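These notes are about the structure you will find just below.
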Amino acid sequence: MKLLLIGYGNVGKAFRRLLHEKKDNYPILQGVEIAGIITRQGLMVGDKENFSPDKQLTVLEAIDYINPDVIVDMSVPNYKDGEPSVSAYIKALSRKIHVITVNKAPLALKFREIFEVAEKTGAKIGFQGTVMSGTPSINLFRIQPVAEVSRIRGILNGTTNYILTRIYEGLSFNEALKEAKEKGYAEEDPTLDLNGFDAAAKLTILSNFIMNRSLKLGDFKFKGITEITNEEIRRAKSEGKKIKLIAYADNYVVQVSPQIIGPQDPLYYIDGVENALEIQNEIQRIIIRGPGAGPINAAYGALSDLVLLLEGCL
């Protein structure tokens, strides 16, 4: 099975390293090879640790040149129009080439359009890494057949949860943000995390997949944590409560907003960069928690999709 990797930043490098580490111990992976890696610099043919382009090709041209069995998208999200990934997915899927992605933007913007192509050709899409990285949010639902989900609710952004946790523990907003950047939990420009955009993108993907909605990013309101004051957090603490950025969807409401919650709520205990997701169906309520970010975690999400694809379970 030939792979074409799109993007070779921290996640792409972690994926390559993880694949090589696991191949010797897991026979199902032994037939997998990275046939090429494409970045803005061009295409590197073959599988080498240090990237050096061999040909000046675009992503779409690289698909033609490599003719892979699977494209694995590790590129940075482009929330303006999802390109070049959207076009790459549609081209690949139309040719029965499978897609595995950790890039949220294409599915948050064009979920139905992309899946319609896959359904026509029978090609598969793995996207566990787009929501909660390697913690099985998407793939948990794959093994919950014939369950009708009526509500999803969760903490889906580790950056904002870390900042709220540290303010709760006594830091100012600016001090907490500075610390998050120093520890690598926040981007140098954390706007998309702080304003709720990132959580909204993840909620869009979850709602479409788990609840069979047809949402696009921008179809519902979202609000981040920038307007929360230290005084509000102190007041909540004095009442034995916490403020958390909650992503929520049911059959009528879809939203991301700060909520005041108490100890009776399982999300009350999710602190730091940890994420959590609560799924309610007609049978039971399921709650999962785990890391929601990090290169190795996102890479594991993609690798788990690859294994499920090889096992015929995607």
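May I ask you to give the solvent-accessible area per residue for the chain, in square angstrom, as obtained with a 1.4 angstrom probe?
46 Å²
Report the relative contact order of the chain, percent, no decimals, based on alpha-carbon pairs under 8 angstrom and at least 6 residues apart.
It rounds to 21 percent for the chain.
What label, among (i) 22.4, 78; (ii) 19.8, 62; (iii) 20.5, 67, belongs to Rg and Dmax of the Cα atoms in Å computed from the structure on display?
Step by step, Rg and Dmax of the Cα atoms in Å for this structure corresponds to label (ii).
Taking loop as defined by DSSP and a crowding limit of 10 other beta carbons within 10 Å, which GluC sites (Glu not before Pro) in the range 165-213 fit?
Passing sites in the range 165-213 are Glu188.
Using the crude model of +1 on Lys and Arg Cβ and -1 on Asp and Glu Cβ, and no other charge, please compute the dipole size for the range 147-289 relative to its Cα centre, in debye to 20.
280 debye
Computing the accessible area with a 1.4 Å probe over protein heavy atoms, can you report the carbon and sulfur percentage for the chain?
With neighbouring chains kept in place, the figure for the chain is 49 percent.
Calculated from DSSP H runs of 4 or more alone, at -39500 (n - 2.57) each and per residue, what is the 222 nm mean residue ellipticity of the chain, nearest 500?
My calculation for the chain gives -11500 deg cm²/dmol from helical runs alone.
Report the charge-dipole magnitude of the chain in Debye, nearest 20, computed about the Cα centre from +1 at each Lys and Arg Cβ and -1 at each Asp and Glu Cβ.
Approximately 260 debye in magnitude.
Kindly provide the GluC sites (Glu not before Pro) of the range 112-165 that DSSP labels as loop, not H, G, I, E or B, and whose Cβ sees at most 13 other Cβ atoms within 10 Å.
Here the sparse-neighbourhood loop sites are Glu148.
Scan the range 237-314 for GluC sites (Glu not before Pro) in coil per DSSP, keeping those whose Cβ has at most 12 other Cβ atoms within 10 Å, and list them by number.
Here the sparse-neighbourhood loop sites are Glu239, Glu282, Glu311.
Tally the DSSP beta bridges in the chain and give the antiparallel ones as a percent, rounded to 5.
65 percent
Once the whole set of protein chains is in place, how much accessible area is left on Val70, using a 1.4 Å probe, in Å² to the nearest 10?
Spelled out: Val70, probe radius 1.4 Å, area about 0 Å².
The values are calculated or read from the model by the stated rules, or taken from the named source; none is laboratory data. Just so you know, these numbers come straight off a predicted model, no measurement behind them. Virtual Cβ from ideal backbone geometry, glycine too; neighbours counted across all protein chains shown. Accessible surface areas use protein heavy atoms only, side chains included; no ligands, DNA or RNA. Shrake-Rupley method; radii C 1.70, N 1.55, O 1.52, S 1.80 Å.
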